[in-house]
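As structure tokens, the structure follows; a few thoughts come after it.
Rule-based calculations on the coordinates, nothing more; no lab input. All values reported here derive from a predicted model rather than from experimental measurement. Every residue, glycine among them, receives a Cβ derived from its backbone with ideal geometry; neighbour counts consider all protein chains shown.
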Amino acid sequence: MYRWVGSLAAVVLAVFLITFLKGISLADGKGIFADKNCGGCHQASGPVTVKTLEDNLKQNGPELWYSGNKFKKVWLVEWLEAPVPLRTIKFNSVTEKNTDKHPALSKAEAQEVADYLMTLKAKEVKAGIVEEKATAQGKIMFVKKYGCVGCHVLPDKAVARKFGGLSGTDLSQADKRLKGDWVYAYLKYPAAFQPIRRMPIFAGIIPEDEMKVIAGFITGEKK
């Protein structure tokens, strides 16, 4: 009897410590985000506030208030520790080459900030909608039917190179970086995430089932 009570107490204590330490990590991550003035370039609370082209041009970096929906955590931690440009063209430009160098975090800081960012989510994104699979059908839609490749780079592993346009985000590593459910929600509810943008609005043009296939292609591993 006493042994059973002791074991139960140990389990309760372990659960408490895990919850407590996780709380500290989240608090630390939010604090680091504030101390590094990340909010000077990135919006961390929703909903979207950009309403005009002028508002959009004032932005210095992408919004992060739905990071938990958008990014895969393993990639996010690695990127925060060793950031590399995700666009060939500078943010909010169509001609200027991207030479910006994002500040790097230590391994511990990257983990804590990533823990915090993964808690930031948008109600428009539902989990389990998209199968992250790079199908031939998805590639045809992305490359030929809707011409997404005109703005976005894809990998071509057969010849070990990339191909596509440079004005949009580089999607050659999207299978490691992005979640399919977020890509689908972004296509379906564009105004919820970026009302003012250069990317065409495909809601009402691309059928929802095709949006899911495209989102799966973008975030699935390319062969």
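Could you name the aspartates and glutamates in cross-link range of Lys51, using Cα to Cα under 16 Å and dropping any fewer than eight places away on the same chain?
Excluding near neighbours in sequence, the set is Glu63.
When you count, for each residue, the other Cβ atoms within 10 Å and take the mean per peptide, how do 206-215, 143-152, 63-72 rank with the highest first?
Details: 206-215: 18.3, 143-152: 15.5, 63-72: 21.9.
Packing order, densest peptide first, comes out as 63-72, 206-215, 143-152.
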